[in-house]
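What follows draws every value from the coordinates through simple rules; no lab data is involved. Everything numeric here is computed off the predicted structure, so don't read it as measured data. With ideal geometry, Cβ positions are generated from the backbone for all residues, glycine too; neighbour counts draw on all protein chains shown.
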Amino acid sequence: MSNANDKLQNLKPGSDCQGDLNMILEATGISLFGIQLQANSSVWANGMRSTELQRDLYPAGSDSYNRSGTGTISAVFRNSMSGTRAEAGLPGSALAGMIFFNPGYVNQNSTGFDAALLMHEVIHNLGAIDASLMGALGFNPADPITDKATKKLAKDCFGVTGREVQY
Ligand SMILES: [Zn+2]
């Protein structure tokens, strides 16, 4: 992920990317500068091996916290039905500033795609949930396929083309 973070830190947005960033800023108050700053302080961990609790990604007592039960993050990553390959701790949670990745997934992606994935997760660290990010980028906020946000950012901001960004 450090190569991906280098790419994010050096991002010079073209017009499509700037359009996405403007919509994200408008919807969430999160700027590219804020994303870059947070990306340098977020802590990365292996989601496949994490014994942290899934609910601790959310502030204690929130709906998402209460719905998450007492399963571990590794159980979520290892459940093929969940499709989860990255997750981030929200502000006010026990895991604030943490980002969990599936290393096998990350390593098979292009650096540009991973830069977009990092951007997506850092936006969660900064407090925007998937519904806000998806809505900002023109998707249905309720769409559970949140990969679409990553793919749009990969295409618009990091020039990724082909199979990786099809949705
Ligand atoms: Zn997300």
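Key figures
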| read-out | value |
| --- | --- |
| Pairs, first in contact (Cβ under 8 Å) with a residue 24 or more places away in the chain and more than 12 Å from the ligand (Cβ to nearest atom) in region 81-106, second among the polar types (S, T, N, Q) and assigned to a loop (DSSP other than H, G, I, E, B), C-beta under 8 Å, six or more apart | Gly97/Ser42; Met98/Ser42; Asn102/Thr84 |
| Identity of the residue in region 107-128, in contact (Cβ under 8 Å) with a residue 60 or more places away in the chain and surrounded by fewer than 19 Cβ atoms within 10 Å (Cβ to Cβ), that ends up farthest from the ligand (Cβ to nearest atom) | Thr111 |
| Test result for Gly69, at positive phi, free of Cβ contacts under 8 Å to residues at least 24 places away in the same chain and of a type outside the set (D, E, K, R) | yes |
| Residues being out of contact with any Lys or Arg (no Cβ under 8 Å at 6 or more places or on another chain) and part of a helix (DSSP H, G or I) - total across region 121-167 | 24 |
| Test for Arg55: is it in a helix (DSSP H, G or I), away from the ligand (no atom under 14 Å from the Cβ), surrounded by fewer than 18 Cβ atoms within 10 Å (Cβ to Cβ) and among the charged types (D, E, K, R) | no |
| Considering residues of region 1-25 that are touching a helix residue (DSSP H, G or I) at 6+ places or on another chain (Cβ under 7 Å) and not aliphatic (A, V, I, L, M) only, the residue surrounded by the fewest Cβ atoms within 10 Å (Cβ to Cβ) | Asn3 |
| Some residue of region 157-167 being within 15 Å of the ligand (Cβ to nearest atom) and touching a helix residue (DSSP H, G or I) at 6+ places or on another chain (Cβ under 7 Å) | yes |
| Count of residues meeting criterion [over 16 Å from the mean Cα position of the chain (by Cα) and part of a helix (DSSP H, G or I)] in region 12-24 | 7 |
| Any hit, region 74-90, residues being crowded, with 16+ Cβ neighbours inside 10 Å, hydrophobic (A, V, I, L, M, F, W, C) and in a strand (DSSP E or B) | yes |
| Subset of region 129-155 (residues that are buried (at least 18 other Cβ atoms within 10 Å of the Cβ), small (Gly, Ala, Ser), more than 12 Å from the ligand (Cβ to nearest atom) and over 12 Å from Thr28 (Cα atoms)) | Ala154 |
